[in-house]
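Working notes for the structure below.
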Amino acid sequence: MRGKAGSGLSDALVAQLLPVLRALAVKEAPAEGPWEKEPRTYVQPLLVVSVRYGSWSSDGRLRWPVFLGIRPDVEPAACVVGPSSDER
């Protein structure tokens with residue numbers, strides 16, 4: 001996980017996404033990582049989204065992430081994590 005993008009999500013878009021995400025829900029995290037303790041719903045990593053952000057934090061998370069949209073033209077396997085702040 002690299003951050004939470006709540007900004008950019010309208011009520012209408014959330015209503016569209018919820019059924020899709022519920023159908024992809026799994027009980028265990030599909031990847032290893034330092035997940036936060038709060039209640040969380042995990043999904044299969046089958047969707048790709050675009051997120052705009054201000055910068056990377058020192059612990060490798062996105063600062064000020066904004067959801068831009070779903071990318072059906074991109075396969076999840078093609079996605080890589082961008083540079084962390086110590087790689088700049």
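A short reminder: the numbers here are calculations on the coordinates, not readings from a lab. Since the model is a prediction, treat every value here as computed from it, not as a measurement. Every residue, glycine among them, receives a Cβ derived from its backbone with ideal geometry; neighbour counts consider all protein chains shown.
For the range 1-74, what is the charge dipole size about the Cα centre, in debye to the nearest 20, if Lys and Arg each add +1 at the Cβ and Asp and Glu each add -1 at the Cβ?
Working: 10 positive and 7 negative charges, 20 e Å.
I would put it at about 100 debye.
Just rank VAL26, VAL66, fewest to most, by other beta-carbon atoms within 10 angstrom.
VAL26, VAL66
Could you work out which residue, out of VAL14, VAL43, VAL51, moves most in a Gaussian network model of the chain, that is, has the largest mean-square fluctuation with Cα springs under 10 Å?
VAL14
List TRP64, TRP56 from most exposed to least, where exposure is judged by having the fewest other Cβ atoms within 10 Å.
Final ranking by Cβ density, sparse to dense: TRP64, TRP56.
For the chain, with the dipole built from +1 on Lys and Arg beta-carbon atoms and -1 on Asp and Glu ones, taken about the Cα centre, which of ALA15, GLN44, PRO76 lies farthest toward the positive end?
So the residue furthest toward the plus end is ALA15.
Would you please state the base-10 log of I(q)/I(0) at q = 0.13, 0.16, 0.19, 0.23 1/Å for the range 12-58, with intensities from the Debye formula using one equal scatterer on every alpha carbon?
Evaluating at q = 0.13, 0.16, 0.19, 0.23 Å⁻¹ gives log10 I(q)/I(0) of -0.42, -0.64, -0.86, -1.09.
Summing -39500 (n - 2.57) over the DSSP H runs of n ≥ 4 in the chain and dividing by its residue number, what mean residue ellipticity at 222 nm do you reach, to the nearest 500 deg cm²/dmol?
One gets -4500 deg cm²/dmol as the mean residue ellipticity at 222 nm.
What percent do you get for the relative contact order of the chain when only Cα pairs under 8 Å and 6+ apart count? The partial results should precede the final answer.
Working: 109 pairs, mean separation 28.2, N = 88.
Averaging sequence separation for qualifying contacts and normalising by length gives 32 percent for the chain.
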